[in-house]
Amino acid sequence: MAQAKTARERRLTLLVATRKGLWQATSDAARRSWRVSGPQFLGHIVHHCVADPRDGKTWLAAARTGHLGPTIFRSSDRGRIWHEAKQPPAFREGSGRVVDHTFWLTPGHASQPGTWYGGTSPQGLFRSEDGGATWRGVDGFNEHPQRKAWCGGDQDQTPDGAKMHSILVDPRDASHLYIGMSSGGVFESNDAGAGWRPLNRGVRADFLPMPDPEFGHDPHCVRLHPAMPDRLYQQNHCGIYRLDRPSERWEDLSAAMPKSVGAIGFPMVLHPRDPDTLWVFPMDGSSVWPRVSPGGKPAVYRSVNGGKSWQRQTNGLPKSQAWYTVKRQAMTADVLAPLGVYFGTTSGEVWASRDEGRNWKCVAAHLPHIYAVEVA
Amino acid sequence: MRVRVLIPGPLRSYTAESPVVSAEGASLGVLVGDLDQRYPGIRFRIVDEQGAIRRHIKFFVNGVQATNLEPALKDKDEVMIVCALSGG
């Protein structure tokens, strides 16, 4: 089980990755007041910035600019000094494929310090074994004969480009991996990425003609519970799901959400010590998929029973005319007790709750379009 | 072939903010490789892994646009790298 830390034990830093650079929001020990600092990489599109929990000091940032190609920046001193990767993620020469940007970063297994995974747009899986300095394609996925079928073509892409995301490493077994793809679905590997198979049974894909396709789904965010790694949750284009392995069939939890709100969103956050507690941020999935808070009334929804029922959490959030969009990496939690939950909006606001979502406070505003919020 | 290379603002973090550098190469492709030796990382920001000039980057050799990295270079040529006008 994750160890609960008291608020006195440390201050928190949120890594706020935006379309125009990287900012930090740092709290006092009580998480009552916050100070915003930055930017770093001003003008860079920073899709994800992640701290390495294994050493507490390494940060990686996936960046590109409107003109320049994608790269990875690395810091070994919590963001003071950054170095560019010597060999950023790139597809094999001759493959005809080009990495547009690295979209997702995941630190590797605790037994493999220096190992990181990166997911790209278009869908590609990359691994670094030297702390992000050099990256190599995971051929078991990138060169898989079924990859093209799994990922689809241009018409299967999300509007901002097809993504590989939600790279999950089983804390019990470094060789056991999951990935999520928009589009493509959820896939599993039991051999460190050498082989992959779809894991989408029970998940709807109502944008496809087939009633129960093997792949081609659109998971927006997939999470594995760190203390109970056989439990996964998924916020999908078509609802909210839970999977308890060794089952192969996802359970659809969507009906438990209020009909007027729906079960569509991008992010999903798990309580690190309680496998039954999780948060989602619903967004309007009707008509042309506006992807904003339904009715302009932002709300976080929490479940404490594995998604069987949900409670609306709005205290402190705007009551009306607040059309928030929260992207899939832009909602996270700390490990303190009580748990802090955080989200960032595409309108540049960072919201924090230091009491598990009961009360919310805006701790940063006027930032650029936020892509990701992570705790360092 | 020693060539004068004009560096646009977004790439000057690689050249210690210098707007003009020298590099060598008998072709544009070789020149870009030499630039990367001198300023590690610069090539991948402007040329993708399949050897194509990135979408918002332009190269001019003595004022004439190059659409790929094949053009030959000779001593004292001037190569200008340009970030295309786009953004927002």
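Highest mobility in the GNM of chain A, judged by mean-square fluctuation with C-alpha springs under 10 Å and restricted to A:Arg354, A:Arg74, A:Arg97, is found for A:Arg97.
If r is the Cβ-Cβ distance from A:Lys259 to B:Ser27 and R0 is 51 Å, what FRET efficiency results, to the nearest 0.05? That gives a FRET efficiency of 0.20.
When both segment A:145-214 and segment A:221-247 are represented by their alpha-carbon centers, they are found 13 Å apart. Each residue, A:Arg312 and A:Asp191, gets one label point 7 Å from its Cα in the Cβ direction; the gap between the two is 5.1 nm.
Determine the shape class of segment A:1-113: with a ≥ b ≥ c the square roots of the Cα gyration tensor eigenvalues, call it rounded for a/c under 1.5, and otherwise prolate if a/b is greater than b/c, oblate otherwise. It would help to have the intermediate numbers written out before the result.
Numbers: a/c = 2.70, a/b = 1.58, b/c = 1.71.
Judged from the Cα gyration tensor, segment A:1-113 comes out oblate (a/c at least 1.5, b/c at or above a/b).
Taking 35 Å as R0, compute the FRET efficiency from the Cβ-Cβ separation of A:Ala365 and A:Asp230 and round it to 0.05. Please list the in-between numbers first.
Values: r = 40 Å, r/R0 = 1.14.
Once rounded, the FRET efficiency stands at 0.30.
Cα centroid separation, segment A:312-376 to segment A:56-89: 25 Å. Computed from the C-beta positions of B:Phe60 and A:Ile81, the FRET efficiency with R₀ = 51 Å rounds to 0.90.
Count, for each residue of A:88-101, the Cβ atoms from other chains sitting within 10 Å of its Cβ, then give me the mean as a whole number.
Numbers: counts 4, 1, 4, 3, 2, 4, 3, 2, 2, 3, 6, 3, 2, 0.
Neighbouring Cβ atoms belonging to other protein chains average 3 per residue here.
Taking a spot 7 Å from the Cα of A:Asp355 along the direction of its beta carbon, which residues of segment A:15-53 have an amide N less than 16 Å from it? Within reach of a label on A:Asp355: A:30-33. Inter-label distance, A:Asp244 to A:Arg32: 4.2 nm, where each label sits 7 Å from its Cα along the C-beta direction. Amide hydrogen proximity for A:Val300: with H placed 1.01 Å from N in the peptide plane, the residues at 5 or more positions away or on another chain lying under 5 Å are A:Gln313. Label sites at A:Asp276 and B:Asn68, each approximated as a point 7 angstrom past Cα along Cα to Cβ, lie 6.4 nm apart. Going by the alpha-carbon gyration tensor, a ≥ b ≥ c the square roots of its eigenvalues, is the protein assembly as shown rounded (a/c under 1.5) or, if a/c is not under 1.5, prolate (a/b greater than b/c) versus oblate? Prolate shape, in that a/c is at least 1.5 and a/b is the bigger ratio. Placing +1 on the Cβ of every Lys and Arg and -1 on the Cβ of every Asp and Glu, with nothing else charged, gives chain B a dipole about its Cα centre of roughly 180 debye.
Rounded to the nearest 20 debye, the dipole magnitude of segment A:16-96 is 200 debye, with +1 charges on Lys and Arg beta carbons, -1 on Asp and Glu beta carbons, and the Cα centre as origin. Net charge dipole, segment A:98-151: roughly 140 debye, given to the nearest 20, about the Cα centre with Cβ charges of +1 for Lys and Arg and -1 for Asp and Glu.
Averaged over the residues of peptide B:49-59, the number of Cβ atoms from other protein chains lying within 10 Å of each residue's Cβ is 4.
Shape verdict for segment A:252-376, please, from the Cα gyration tensor: rounded (a/c under 1.5), prolate (a/b greater than b/c) or oblate. Mind showing how you got there, number by number?
Numbers: a/c = 1.58, a/b = 1.02, b/c = 1.54.
Note, shape of segment A:252-376 comes out oblate.
Any read-out appearing in this document is the output of simple, stated calculations on the displayed coordinates, not a laboratory observation. Computed from a predicted model, the values in this text were never measured in an experiment. Reconstructed Cβ throughout: ideal geometry from the backbone, glycine too, with neighbour counts over all protein chains shown.
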